[in-house]
Amino acid sequence: MQEAIWDRSAEHYDEEIFDTFANDRHSVVRSTLERLIQSNHTVCDFGCGVGRTVEFLAQRAKQVYAVDFSATSLEVAARNVPQKENIHFLKRDLAVPGRRFCQADIGLLMQVLIMPAYDSRREILETVSRNLRPGARLVAVVPALEVAILTYLRIGEWRQREGASRKEVVAEMAAGQKEEVVSLVEGIVKISDTPTKHYLKEEIVLFFRDAGFTVLEVEKVEYSWAADFEEAPDWMQDPHPWDWVVVARKNE
Ligand SMILES: C[S@@+](CC[C@H](N)C(=O)[O-])C[C@H]1O[C@@H](n2cnc3c(N)ncnc32)[C@H](O)[C@@H]1O
């Protein structure tokens, strides 16, 4: 079911799926990976989608495994990425326990732990762990729950600058959250109508710890407000929206 949804998105990926790597204002994901990847490393791009990061990884690592459960995404990825002998595309459902397919030194898990179901997220992290060598580093990117709330505040600020009263602004913000916040306690907020898991920084540390990782760094990967609003006003600058980029070590 989930697989079919991602298959449908694959052909329109650029319009439908936000490009984290390209919109990263300070190239934090890029520089984090550059710092960690060595030329003798095996890297696994878990949930590689249409392969936006695969060529970048293949230019730096010895071997790259690009894994996704969407056959259509993998087909698009294979078309998009110039032929490279060191890239292995694999179709796997990361949420289903299965045999190990690689033993990577570095894992990338970008915008994959976003489904509402806790069990699926947990199972994916178990699969990722199984396919990393002990001591390996995992770079993960996940949506920030703080940003979901900050976005309402910025909309409120915008409306107030346009002349709306505080009462109107609060009513509009409340109407928005009623429509979009599926479960505050679970951090499930809709992005483009799709219920999406968002994380608190502290929650990341606990979630990864429970799956056998030690979180070493949690940083912001920042975007422009144009990523959230079609016509973001010029005054809307800092603080910018962000996702969390996590560097974790698989425990020995
Ligand atoms: C939002 S996209 C991110 C793609 C890519 N990492 C990027 O940042 O451009 C999420 C990807 O995860 C894949 N995915 C989601 N659940 C998966 C699962 N259980 N097993 C394998 N891939 C999965 C989807 O097919 C999709 O390509």
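Nothing in this text is a laboratory measurement; each read-out follows from the coordinates by a stated rule. No experiment lies behind these values; they were computed from the predicted model shown. We place every Cβ from the backbone using ideal geometry, glycine too, and count neighbours over all the protein chains shown.
Are there GluC sites (Glu not before Pro) in segment 220-251 that DSSP puts in a loop and that have at most 15 other Cβ atoms within 10 Å, and which ones? Hits after loop and neighbour filter: 230, 231.
Once C-alpha pairs closer than 8 Å and six or more residues apart are averaged by separation and normalised to the residue number of segment 145-197, the relative contact order reads 25 percent. The lysine pair tally for the chain, using Cα distances under 20 Å and a gap of 8 or more places or different chains, is 8. Applying a DSSP loop filter and a limit of 16 other Cβ atoms within 10 Å to the trypsin sites (Lys or Arg not before Pro) in segment 1-110 leaves 25, 62, 84, 99, 100.
Extension gain for residue 91-residue 178 works out to 27.6 nm (0.36 nm per residue, less the C-alpha to C-alpha distance). The label-point distance for residue 230 and residue 251, in a model that sets each label 7 Å from Cα toward Cβ, rounds to 4.9 nm. For segment 46-119, GluC sites (Glu not before Pro) meeting the loop criterion (DSSP other than H, G, I, E, B) and having at most 13 other Cβ atoms within 10 Å: 85. Rounded to the nearest 500, the 222 nm mean residue ellipticity of the chain from helices alone is -11500 deg cm²/dmol, with -39,500 (n - 2.57) taken per DSSP H run of at least 4 residues.
DSSP beta bridges fully contained in the chain are about 50 percent antiparallel. Comparing 210, 238, 105 in a Gaussian network model of the chain where C-alpha atoms under 10 Å apart are linked, the largest mean-square fluctuation is found at 238. Between residue 15 and residue 201, the modelled labels are 3.8 nm apart [label points 7 Å from Cα along Cα→Cβ]. In percent, what relative contact order does the chain have, based on Cα pairs under 8 Å that are 6 or more apart in sequence? Relative contact order comes out at 18 percent.
Over the chain, with a Gaussian network built from C-alpha contacts below 10 Å, which listed residue (181, 142, 67) shows the highest mean-square fluctuation? Most flexible of the set in this elastic network: 181.
Extending 7 Å from the Cα toward the beta-carbon at both residue 167 and residue 149 defines two label points whose distance is 2.6 nm.
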